[in-house]
Amino acid sequence: MFTTIWEYEVPAGRREAFINVYGAAGRWAILFRRSPGYLGTMLLHDLGDPDRFLTLDRWESRQAFEAFLAANRADYDALDRETAGLTIRERHLGFVIAEAGAHP
């Protein structure tokens, strides 16, 4: 499995809209579902900092993620521009690669 992790700072007045777009049933997940290699999105909310969120987008493999990007780059970039106003700051924290059957 391949997971990409993003951190977001969201203005207090935009939290609900952010959750609706970035959550498991949001517009990003709808776009990602175009790929058969997409496994789902988790949206995490920091209880200690109500303006901080993390997303974990899970894919079967890095190749599945890269194939999705190659096939959907224009729509990905367009949605990124459309949703830019929902965040103050966003930062890609990196990737997690887990082998099938591996245990932490």
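Of all residue pairs spaced 6 or more apart or on separate chains, none has beta-carbon atoms under 8 Å together with a first member in the stretch 9-31 that is in a helix (DSSP H, G or I) and a second member that is at pLDDT below 95 and of a type in the set (S, T, N, Q). Scanning the stretch 32-42 for residues that are assigned to a loop (DSSP other than H, G, I, E, B) and surrounded by 15 or more Cβ atoms within 10 Å (Cβ to Cβ) returns SER35, GLY37.
Yes/no per residue for (1) assigned to a helix (DSSP H, G or I); (2) surrounded by 12 or more Cβ atoms within 10 Å (Cβ to Cβ):
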position: LEU44; (1), (2): no, yes
position: LEU47; (1), (2): no, no
position: PHE53; (1), (2): no, yes
position: GLU66; (1), (2): yes, yes
position: ARG73; (1), (2): yes, no
position: ASP77; (1), (2): yes, no
position: LEU93; (1), (2): no, yes
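Residues in the stretch 78-96: is at least one more than 27 Å from ALA12 (Cα to Cα) and touching a residue at least 60 places away in the same chain (Cβ under 8 Å)? Within the stretch 78-96 (the criterion being more than 27 Å from ALA12 (Cα to Cα) and touching a residue at least 60 places away in the same chain (Cβ under 8 Å)), the answer is yes, since at least one residue qualifies.
Could you tell me whether GLY85 is on the phi > 0 side of the Ramachandran plot and in contact with a helix residue (DSSP H, G or I) (Cβ under 8 Å, 6 or more places away or on another chain)? When the stated conditions are applied, GLY85 does not pass them.
Can GLY85 be described as more than 15 Å from the chain's Cα centre (by Cα), surrounded by fewer than 17 Cβ atoms within 10 Å (Cβ to Cβ), in a helix (DSSP H, G or I) and not aliphatic (A, V, I, L, M)? The answer is yes for GLY85.
The values are calculated or read from the model by the stated rules, or taken from the named source; none is laboratory data. These numbers were taken from a predicted model, which means no experiment stands behind them. Cβ atoms come from the backbone with ideal geometry, glycine included; neighbour counts cover every protein chain shown.
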